[in-house]
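The structure appears right after this line, and notes come after that.
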Amino acid sequence: MLSEVVDGPPVRILVVDDETDVAESLAQLLVREGYYVRTAKDGEDALSQFISTPFDVVITDMRMPKMDGLELTKELKKIYRYTDVIVITGFQDSYRYSQVVEAGAADFLSKPFKIQELLAKLRRVLRDRRDRIALVELVLRDALTGAYNRYAFDSILLREITRAIRLRYPVAILFMDFDDFKKFNDAYGHLAGDQLLKNFVGIVLANIRKDLDYLFRYGGDEFVLFVVNVDIDGVEKLAKRIIYAFCELSGGKVEISIGIAYIDREVLDQSDDLELESLLKTADEALYEAKKKKGSSIVTRIVSLAT
């Protein structure tokens, strides 16, 4: 059962097949096993669904119109490299196992098959996934706070910005910096300062979406938050929630300034040439303005083609 494989929320599975009855039947079987399951009618539909839901596993038929299973697997591994793919083929298909694996699939299943055979492969894929993610997380997480570390910042942020540009959804980068944190450490000690940092990360993580938004510890008391597919009003409300909760937590002894760089969907529609460095520079400049104002300030800058 699912509990033997992973802890926490149900594993998210996308079943892709142009035969609706087949996809729905397989989805119902997987739901009864405790998985969260959605269906897609072809490869293009599958990719569009990833915008709102980062699926853990894709189970796809090979022969489909518009985009077949092999092409879908290749596209998924380009954009969502941590998603595992199980490919299903008909006995008459000429695809070789090596082709499927080279495309990035985790496993391969030939029709006709028994549901227990699929479930066994799925459990094996999930066990491998759990072990792989645990190892990656160990390398990419900040030991004190649990936020992603500076090493992760360089790889994850570039990947997510590239994905956003390709899929044309808005992006916000929030630079967040504690005000007078040194004074707090001097007055209350470094252990209290460490606890404040950990509590701050807890506040942010409680207000963002897992696997869509990312929090990084950029420096000692500097953090960077990446938020995707949220309008500018929603981003600023998020920043205000973080500031309010943090001020309550610190009792006003430490405040936080936030600089926001926001990329609108219209800008992404007009250009593929936006660079990560320019976005970070814009967010850093916005943070500088916020810190000059003091008092838990937020400054937002909209990124334009001229940036």
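The criterion of being within 30 Å of G220 (Cα to Cα), over 17 Å from the mean Cα position of the chain (by Cα) and open to solvent by 40 Å² or more (accessible area, probe 1.4 Å) holds for A143. Checked against the criterion of being touching a Leu at 6+ places or on another chain (Cβ under 9 Å) and under 21 Å from I161 (Cα atoms), the candidates V227, V201 yield just one match: V227. Mind checking whether some residue in the stretch 119-137 is touching a residue at least 40 places away in the same chain (Cβ under 8 Å), in a helix (DSSP H, G or I), surrounded by 12 or more Cβ atoms within 10 Å (Cβ to Cβ) and in contact with a Gly (Cβ under 9 Å, 6 or more places away or on another chain)? No, the stretch 119-137 contains no residue that is touching a residue at least 40 places away in the same chain (Cβ under 8 Å), in a helix (DSSP H, G or I), surrounded by 12 or more Cβ atoms within 10 Å (Cβ to Cβ) and in contact with a Gly (Cβ under 9 Å, 6 or more places away or on another chain). Filtering the stretch 18-52 to residues that are within 30 Å of I165 (Cβ to Cβ) and open to solvent by less than 50 Å² (accessible area, probe 1.4 Å) leaves V37, T39, A40, D42, G43, D45, A46, L47, Q49, F50. The single condition among (1) under 16 Å from the mean Cα position of the chain (by Cα); (2) open to solvent by 60 Å² or more (accessible area, probe 1.4 Å) that R150 does not meet is (1). Pairing residues of the stretch 32-51 that are free of Cβ contacts under 8 Å to residues at least 24 places away in the same chain with residues that are open to solvent by 30 Å² or more (accessible area, probe 1.4 Å), at Cβ distances under 7 Å and at least 6 apart in sequence or on separate chains, gives E44/K66.
Report every pair of residues separated by at least 6 positions or lying on different chains whose Cβ atoms are under 6 Å apart, first residue within the stretch 177-203 and in contact (Cβ under 8 Å) with a residue 40 or more places away in the chain and under 21 Å from L215 (Cα atoms), second open to solvent by 20 Å² or more (accessible area, probe 1.4 Å) and assigned to a helix (DSSP H, G or I). The qualifying pairs are N199/L249; I203/A245. Selection of the stretch 159-188 for residues being among the basic types (K, R) and under 19 Å from F50 (Cβ atoms) yields R159, R163, R166, R168.
Does G259 count as surrounded by fewer than 20 Cβ atoms within 10 Å (Cβ to Cβ) and either of a type in the set (G, A, S) or over 16 Å from D179 (Cα atoms) (or both)? In short, no. Among the residues of this structure, A105 counts as one that is outside any helix (DSSP H, G or I) and over 19 Å from the mean Cα position of the chain (by Cα). For the stretch 264-302, which positions are surrounded by 13 or more Cβ atoms within 10 Å (Cβ to Cβ), modelled with pLDDT of 90 or more and of a type in the set (D, E, K, R)? Correct list: K281, D284, E285, E289, K291, R301.
The values are calculated or read from the model by the stated rules, or taken from the named source; none is laboratory data. Every value quoted in this text rests on a predicted model; they were computed, and no experiment measured them. Counting neighbours? That spans all protein chains shown, and the Cβs are built from the backbone with ideal geometry, glycine included. These accessible areas exclude ligands, DNA and RNA; they are computed on the full protein's heavy atoms, side chains included. Shrake-Rupley method; radii C 1.70, N 1.55, O 1.52, S 1.80 Å.
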